[in-house]
Amino acid sequence: MSPPSLIFLVLSFIAFNPSNAKQEQPFSINIDNFLDKIYLWGGEAQSQILISGPLVLAGVLCFIASAISSAGGIGGGGLFIPILSIVAGLDLKTASSLSAFMVTGGSIANVMCNMCITSLKFGGKSLIDYDIALSSEPCMLLGVSLGVICNLVFPEWLITVLFAIFLAWSTSKTCRSGLMLWKSESDQIKKIGVDELEKGLLENETVEERKVLAVGHVYKENNEPKDVEVPVPLLSPQGNRKVRIPWLKLMVLLLIWFSFFSVYLLRGNRYGQGVIEMEPCGVGYWILSSVQIPLAVVFTAWIVFRKESLRDRTLMQEITDVKVAAVTKNRPSNILLFPSMALLAGILGGVFGIGGGMLISPLLLQVGIKPEVTAATCSFMVLFSASMSALQYLLLGMEHVEAALILAIMCFVASLLGLLVVQRAIRKYGRASIIVFSVSIVMFVSNVLMTSFGAIKVWTDYESGEYMGFKLPC
């Protein structure tokens, strides 16, 4: 299903949703009723989840959205929240809590595949760049907390404008990167003569008459090597190769996750919901909130300087890891670039109410990280932030836990399906640009949905005389 048809289906369903209409009314299109239904997205919708046609349709759309989002390694919260709020008629709080579980389920599927499947293109290594995740995760978690505060302070119209501008810029840049990568891949395919190679195999030769090595050399009957690069599959399970998991880095990431989660759990939210009794937005609340700043600084400084120290020790050693060479070739030398990008993505994610994966993915692509590495690393980072949000909702007395688990399992299956389809397409066509275009599609649809209905909500608030200025965080 293409993005325009998906948007049209959502808008059409809102306009003719029979579940919210009165039976005695004739079939007609009323723009005021339409705007009222759109306004439900702002928080006045039903909070009780009942099995109905709209909910089933929302589940189908979320399944499709999760499959598409998984290809780019982003969570898909920018699609789940509008679909659940508009199509299913859920209030924004319920939709956000369900979205956290859905993103977690999809991220688990992505991380499981990316950790267990190696890539011949990167020397038989996993696609997840644990160094980027380590240096980025503390600042991203800090940025989310700062962004949530900004979300409470900023007026709705400013949030909508910022969201539209940033996501439009990100979508444009990502599409441009995808087109450039597609062109580069096309030129490479023409240069290495893949078409001629396949034609020769079909017409004059058999598979046994050629020996194709993964290093890119083709040997013909005279045993003379011909220097051509044969595209190897991006993702390929290696039966005789043991996947190496950096357990130390995983333990550090879990320590970072647990540290921030403990602060969130002790602090609670601005309504006083937490594991300890605390005055909402009191002195203790803000002291615990400010603890996140030294946590992020200490973790980031320790990770960055330890990495630089290890790099200095091995500076004179010969680098034989193909993945390291490929990834670090285009990696910027500024050691604070990744933490800075993660902080920006976290702040914007908190302001806009979506995950940071959709925002940090285009930033990583812009600094030259390979698309396949970007997708795998972003999905890995999204798992930590999404699982933290899901557990907070659960421990603070979230309703509809069964529905959240069902939707999480559904997104788990959808992400597996989407990832397998993308892997097969990349193996067949040798184009990693498919990942970039998947990210562009998700960002474009999210921008259209959330900006359009955010603008309608702003207009409704303006007509009703609501306060349109800056607010206090409590």
In nm, to one decimal, how far is the modelled label at Ser340 from the one at Gln188, with both set 7 Å along Cα→Cβ? 2.9
Just the number, please: carbon plus sulfur as a percent of the accessible area of region 427-474, 1.4 Å probe, no ligands or DNA/RNA counted. 66
Output ³J(HN,Hα) for region 427-439: one whole-Hz value per residue in order, computed from phi by the Karplus curve 6.51 cos²θ - 1.76 cosθ + 1.60 with θ = phi - 60°, and x for Gly and Pro. 4, 6, 9, x, 10, 6, 5, 4, 5, 5, 5, 5, 4
Would you please give the FRET efficiency between Val153 and Ser290, computed as 1/(1 + (r/R0)^6) with r the Cβ-Cβ distance and R0 = 22 Å, to the nearest 0.05? 0.85
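Quick check on my link table: of Lys183/Lys428; Lys190/Lys370; Lys173/Lys457; Lys93/Lys173, which ones sit more than 23 Å apart, alpha carbon to alpha carbon?
Over 23 Å apart, Cα to Cα: Lys173/Lys457; Lys93/Lys173.
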What does the extension gain come out to for Phe258 and Leu472, with contour length at 0.36 nm per residue minus their alpha carbon separation? 74.1 nm
Working out 0.36 nm times the residue gap between Arg244 and Glu399, then minus their Cα-Cα distance, what length gain in nm do you get to one decimal? 51.8 nm
The set of residues whose placed amide H lies less than 5 Å from the amide H of Lys125, leaving out same-chain residues fewer than 5 positions away, is Ser119
Kindly rank 254-267, 283-296 from highest to lowest mean number of other beta carbons found within 10 Å of each residue. 254-267, 283-296
Cα extents of region 406-474 along the three principal axes, largest first, in whole Å? 57, 29, 21
In nm, what is the difference between 0.36 nm times the number of residues separating Ser464 and Val56 and their Cα-Cα distance? 143.6 nm
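The values are calculated or read from the model by the stated rules, or taken from the named source; none is laboratory data. In this text, all values refer to a predicted model and were calculated from it rather than measured experimentally. Quick reminder, even Gly has a Cβ in these numbers, built from the backbone with ideal geometry, and neighbours come from all protein chains shown. Accessible surface areas use protein heavy atoms only, side chains included; no ligands, DNA or RNA. Shrake-Rupley method; radii C 1.70, N 1.55, O 1.52, S 1.80 Å.
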